[in-house]
Each structure stands twice: as structure tokens, then as C-alpha cells.
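Participant: Please read through the structure below; I'll follow up with questions.
The values are calculated or read from the model by the stated rules, or taken from the named source; none is laboratory data. Keep in mind that this is a model prediction, so the values were computed, not measured. Backbone-built Cβ (ideal geometry, glycine too); neighbour counts: all protein chains shown.
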Amino acid sequence: MELQRPRGTRDFLFEEMRKRKYVEETLRRVFELYGYQEIKTPLFEDLSLFTLKSGEGIMEQIYHFQDKGGRDLALRPELTAPVARLYLNQLQKSPKPIKMYYFGSCFRYERPQAGRFRQFWQLGCELMGGKSPDAEGEVIALAAHCLEELGLEDFEIHIGNLGIIRGILNQAEVSSKLQDQVMAIIDKGEVEELRNFLEDMGLDDSYKNILLELISLQGHREVLKEVERMVGDNSQAKDALLELTGVLNVLDSVGFSNYIVNLGIARGLDYYSGTVFEIYVHGLGAQKQISGGGTYNLIELFGGEEVESTGFAFGFDRVVEALKEQGTDLPLKKVVEVFVAPISPEVRLKSFQIAGRLRKAGIPTETDLAGKKFKKLLSHANNLKAGYVVLVGPRDLEQGQVTVKDMDSGQQELVDLEDVVDVLTERIRG
Ligand code: HAM
């Protein structure tokens with residue numbers, strides 16, 4: 001029997017993990033620049049946490065099971081509901097706003113394809129108790145800052161506000177259940193399906209035309225004028241438009257003006273209530289959405305006291321893929337900086353001693369653990385891409401010295417044993 005990984009999961013090898021670690025560390029650093037603190041929640045939760053209000057789509061994708069005590073549990077498909085639960089359990093009385101970020105794997109039973117997995121990672125944040133539109137503007141600026149810091153170039157931030165479409169639907173007295181269905185079709189981007197659905201609903205032509213026009217609008221700020229004209233005196237839509245304008249103002253003020261206003265953003269999860277945004281990298285093809293988020297009202301839906309909440313999550317795997325796809329050079333650290341090579345068996349312990357001193361000085365160092373012959377040692381150091389080799393030989397040692405070889409230039413120099421850590425630290429850290 002050949003043992004295989006479960007479908008839709010991956011193993012990550014060394015090079016890939018180094019890239020992922022670099023991306024993770026960079027994103028964490030930027031989140032912390034904005035005052036976010038990390039939290040961790042369980043990998044599995046009560047099934048009901050996700051069935052309450054995450055939406056039909058998520059329901060079909062949930063990995064759920066019963067434990068030995070007969071409890072219905074689910075592997076988390078996302079982290080907003082768990083963070084909302086954590087907030088309700090422990091943070092309701094804490095001073096606001098509360099800024100939390102997380103990095104962890106999520107599970108969705110989806111049809112696997114490039115960029116779509118059954119286990120994937122999200123790095124995201126939730127901001128509880130901020131005020132719209134400032135909180136939303138800062139959250140979107142944070143997302144853009146993260147991608148800039150990673151050196152990603154071709155990404156598009158699409159921003160919308162659900163209140164505009166919902167305002168029209170409410171005016172047309174469409175039930176909230178039907179509204180959720182309309183939003184789900186808009187989220188899929190299926191214009192023809194939407195047209196048919198609205199017709200089958202018997203929606204008045206004037207509303208239908210406004211909706212179809214609204215979701216097709218895309219552009220910079222000038223689009224807002226069009227929207228204003230279309231929504232007329234619908235007060236919910238007007239408020240939403242004002243909020244959207246406020247978000248764009250914040251983004252302009254911090255220098256991220258490269259956004260696209262897109263009222264066709266509906267989001268796949270049902271808990272969103274106002275500002276929504278998605279980030280696309282078109283080079284990724286069908287799974288181009290590398291991030292999504294917005295303002296939501298889960299806390300209230302879970303029975304807590306209303307608190308304005310907004311957040312987003314990067315699809316971490318897709319961010320890593322986007323960097324690869326755009327050929328971004330990641331400044332990865334060397335695995336091994338120095339290889340200490342004993343020339344003959346009697347100096348092996350001395351090699352360990354030197355390696356130990358280098359490691360204590362914070363320099364990633366390897367020495368021979370496989371009893372390799374000297375020639376093989378050099379090619380091994382080469383394979384490891386070590387920047388320097390310290391050649392430890394009995395004759396040099398008699399003089400209290402070792403030879404340091406620069407593997408890039410090939411140059412060698414004799415260095416006093418006491419100085420070897422300082423010399424290499426200076427060369428490496430410069
Ligand atoms: P979401 O759009 O469902 O939002 O997921 C966030 C991101 O996770 C997506 O933009 C996508 O990049 C990535 N993603 C989703 N499914 C998969 C998959 N099967 N394989 C690989 N990547 C995937 C949420 O989950 C919300 N909780 C985001 C949020 C936070 N909203 C407010 N706060």
C-alpha cells in the first residue's frame with residue numbers, strides 16, 4: 001500500500017518553507033507596525049459557530065465530525081467567527097479599539113485546483129471597536145502596505161460597500177433571505193444568472209436596471225458621482241456612499257490611491273454589512289483573489305453587544321504564489337553561513353569547538369557529522385551554499401591558526417584561532 005497525502009493538502013520542503021517563513025515574518029512585522037497583537041484560537045470549534053451566519057457556501061465546505069463525547073465539531077474554515085467567539089468570551093470589557101491578528105490553517109472541502117486547497121493558511125486581522133470609515137480605511141491601508149513591503153507589484157484593491165446594493169433591495173422590499181441569494185450570485189460574478197434571478201423574482205425593471213448597472217461599475221473616485229446619481233434619495237445607499245467616500249479619503253491621505261471602486265464586490269460570507277474589499281492578482285488565473293475582508297456584524301449575530309468590527313485575511317498560499325508568479329526576489333537568509341571542515345580525524349573535536357563558538361555568536365554553522373573525506377567535505381559545503389569554509393588542519397592548529405575560505409571568491413586566508421569568530425562575524429554581518 002502506498003501512503004499518500006489527503007487530496008487538497010500539501011507537504012512543504014525546505015526551500016518552500018524558507019520562502020513562506022520570509023513572507024510570514026514580513027506580514028507579521030507590518031501588522032505589528034499598526035499595533036496589532038497576535039492571538040491563537042483552536043483548530044476546531046463547535047460546528048454551530050460556523051453554521052450560524054457564515055452562509056450557505058461555507059456550510060457545504062465544512063469538515064465536521066463528532067468526537068468521542070458525541071459533540072459536533074468542525075475544523076475551522078476561516079478565522080473571523082472564532083475571533084468573534086473569543087472576543088465574546090474574553091474581551092468584551094477591554095478598552096477599544098482592539099487590534100488582533102492571526103496566522104493559521106483553515107480547512108474547506110473544495111474541489112482542489114491551482115491556488116485552491118483543502119488545507120490552506122490565512123494571515124489576517126480583526127479590529128473591534130473602531131469607527132467607520134477611519135477603521136476601514138486603515139485596515140485596507142494595512143493590507144496594501146503588507147503587499148508593498150513584500151515587493152508585490154501587480155495587485156488591485158477593489159473596494160465596495162454592501163449598503164448600496166442592500167439599500168436598493170430594501171427599497172424594493174426584497175426579503176433578507178432573497179437578498180442573501182442575490183448577494184451570492186453577485187459574488188460569483190454571474191451577470192446573466194443575476195438578470196434571470198431578478199426577473200424570476202418579479203423585481204421592477206427600474207430596480208433591476210439600477211442593480212445591474214451598479215454591479216458593473218468599476219473605476220476610480222469618479223465612479224462615485226455615477227453612483228450618487230443612480231441611488232437618488234435612497235437614504236441607506238446614500239449613507240453607504242458617504243462611508244465609501246470616507247474610506248477612500250483615508251486611503252488617499254496615507255498615499256494608497258491605487259484602488260478601484262467596485263460595487264460588484266459582495267463577498268462569499270453572509271456576515272458582512274458595510275465596506276467590503278478584495279485584492280486580486282490577475283496572473284494567478286481563476287484563484288486570483290489573494291485577500292478579502294470588510295465590516296461585519298457577527299458579534300451582534302452571536303448575541304453580544306454591538307461593536308463595529310472590520311478585518312480581512314490574506315490567503316497566505318496565494319500571496320506566496322503571487323510573489324513567485326511575479327518573479328519577486330525574496331531576500332532569503334542563508335541556511336548555512338559557515339562550514340567547519342576537519343581536514344583529518346584528529347582535529348574533529350577542534351572543529352566542533354569552533355562550530356560551537358560560531359553558533360553561540362549567532363552564525364548558522366555546520367560541521368561534518370558523516371565522517372566524509374576532506375574533498376567530499378568541500379563539495380558538501382558547496383551544496384549547502386555555505387558562504388565560508390573554515391579549514392581545520394593539524395599543521396595550522398600548531399600555529400594556533402585555521403584557514404578561512406571565501407566560497408564566492410575562492411580566496412583563502414590564515415586566521416588566528418581566537419579571532420575566527422570576530423573575523424567571520426565582520427564578514428557576514430559586515
Ligand atoms: P475569504 O475570502 O473566504 O474570507 O478568505 C480569505 C482568503 O483566503 C481568500 O481571499 C483567499 O485568498 C484565501 N482562500 C480561501 N479559500 C481558499 C482555499 N480553498 N485555498 C487557498 N486559499 C483560500 C474570509 O475567510 C474572512 N474570514 C476574511 C475576513 C476577516 N473578513 C473579515 N475579517
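Participant: Go through region 105-120 and give me each residue that's near the ligand (Cβ under 8 Å from one of its atoms) and either touching a helix residue (DSSP H, G or I) at 6+ places or on another chain (Cβ under 7 Å) or among the hydroxyl-bearing types (Ser, Thr, Tyr) (or both).
Facilitator: Within region 105-120, ARG108, GLU110, GLY115, ARG116, PHE117, PHE120 meet the criteria.
Participant: Answer yes or no: is there a residue in region 127-140 that is under 26 Å from GLN326 (Cα atoms) and either away from the ligand (no atom under 15 Å from the Cβ) or in contact with an Asp or Glu (Cβ under 8 Å, 6 or more places away or on another chain) (or both).
Facilitator: no
Participant: Quick check on my filter: what residues within region 58-89 are surrounded by fewer than 17 Cβ atoms within 10 Å (Cβ to Cβ), under 25 Å from GLY292 (Cα atoms) and of a type in the set (Asp, Glu)?
Facilitator: Scanning region 58-89 gives a single hit, GLU60.
Participant: Just to check your reading of the model, which residue among PRO364, PRO394 is more than 44 Å from the chain's Cα centre (by Cα) and at pLDDT 95 or above?
Facilitator: The conditions single out PRO394.
Participant: Another question, then. Only one of GLU78, GLU2, GLU25, GLU15 is within 28 Å of VAL254 (Cβ to Cβ) and more than 14 Å from the ligand (Cβ to nearest atom); which?
Facilitator: Exactly one of GLU78, GLU2, GLU25, GLU15 is within 28 Å of VAL254 (Cβ to Cβ) and more than 14 Å from the ligand (Cβ to nearest atom), namely GLU25.
Participant: Follow-up. Residues in region 289-325 that are among the polar types (S, T, N, Q) and more than 29 Å from THR275 (Cα to Cα): how many?
Facilitator: So the answer is 0.
Participant: Here's a follow-up. Is one or more of the residues making up region 250-272 more than 13 Å from the ligand (Cβ to nearest atom) and over 24 Å from the mean Cα position of the chain (by Cα)?
Facilitator: Looking through region 250-272, at least one residue is more than 13 Å from the ligand (Cβ to nearest atom) and over 24 Å from the mean Cα position of the chain (by Cα).
Participant: Something else now. Mind listing just one residue for me: the one in region 401-430 that is assigned to a loop (DSSP other than H, G, I, E, B) and surrounded by fewer than 17 Cβ atoms within 10 Å (Cβ to Cβ) and, of those, nearest to the chain's Cα centre (by Cα)?
Facilitator: GLY430
Participant: Mind listing whichever residues of region 203-221 are basic (Lys, Arg) and not in a loop (DSSP other than H, G, I, E, B)?
Facilitator: The one that is basic (Lys, Arg) and not in a loop (DSSP other than H, G, I, E, B): LYS208.
Participant: With surrounded by 19 or more Cβ atoms within 10 Å (Cβ to Cβ) and polar (S, T, N, Q) as the only criterion, which of GLN92, GLN113, GLN122 stands out?
Facilitator: Of the residues listed, the single one that is surrounded by 19 or more Cβ atoms within 10 Å (Cβ to Cβ) and polar (S, T, N, Q) is GLN122.
Participant: Could you pull out the residue among ALA386, ALA370, ALA381 that is assigned to a loop (DSSP other than H, G, I, E, B), under 38 Å from the mean Cα position of the chain (by Cα) and of a type in the set (A, V, I, L, M)?
Facilitator: ALA386 is the lone residue from the list that is assigned to a loop (DSSP other than H, G, I, E, B), under 38 Å from the mean Cα position of the chain (by Cα) and of a type in the set (A, V, I, L, M).
Participant: Restricting attention to region 279-291, which residues are within 7 Å of the ligand (Cβ to nearest atom) and buried (at least 24 other Cβ atoms within 10 Å of the Cβ)?
Facilitator: Within region 279-291, ILE290, SER291 qualify.
Participant: Give me the residue from region 305-325 that is touching a Phe, Trp or Tyr at 6+ places or on another chain (Cβ under 8 Å) and either outside the structural domain of GLN289 (by TED's automatic domain parsing) or of a type in the set (Phe, Trp, Tyr) (or both) and, out of that set, nearest to the ligand (Cβ to nearest atom).
Facilitator: Only one residue fits best here, namely PHE312.
Participant: Can you report the number of residues in region 300-358 which are of a type outside the set (Asp, Glu), under 28 Å from LEU91 (Cβ atoms) and not in a helix (DSSP H, G or I)?
Facilitator: 11
Participant: With respect to MET183, determine if the residue is outside any loop (DSSP other than H, G, I, E, B) and within 26 Å of GLU60 (Cβ to Cβ).
Facilitator: Considered against the rule, which asks whether it is outside any loop (DSSP other than H, G, I, E, B) and within 26 Å of GLU60 (Cβ to Cβ), MET183 comes out as yes.
Participant: Would you pick out the residues in region 255-274 that are on the phi < 0 side of the Ramachandran plot and either without any contact (Cβ under 8 Å) to a residue 40 or more places away in the chain or in a loop (DSSP other than H, G, I, E, B) (or both)?
Facilitator: Correct list: PHE256, SER257, ASN258, LEU263, GLY264, ILE265, ALA266, GLY268, LEU269, ASP270, TYR271.
Participant: In region 168-180, what residues are part of a helix (DSSP H, G or I) and either in contact with a strand residue (DSSP E or B) (Cβ under 6 Å, 6 or more places away or on another chain) or modelled with pLDDT of 95 or more (or both)?
Facilitator: Residues satisfying the conditions are ILE168, LEU169, ASN170, GLN171.
Participant: Hey, another quick one. Might you let me know whether region 43-51 holds any residue that is of a type outside the set (Lys, Arg), within 29 Å of LEU142 (Cα to Cα), more than 13 Å from the ligand (Cβ to nearest atom) and part of a loop (DSSP other than H, G, I, E, B)?
Facilitator: yes
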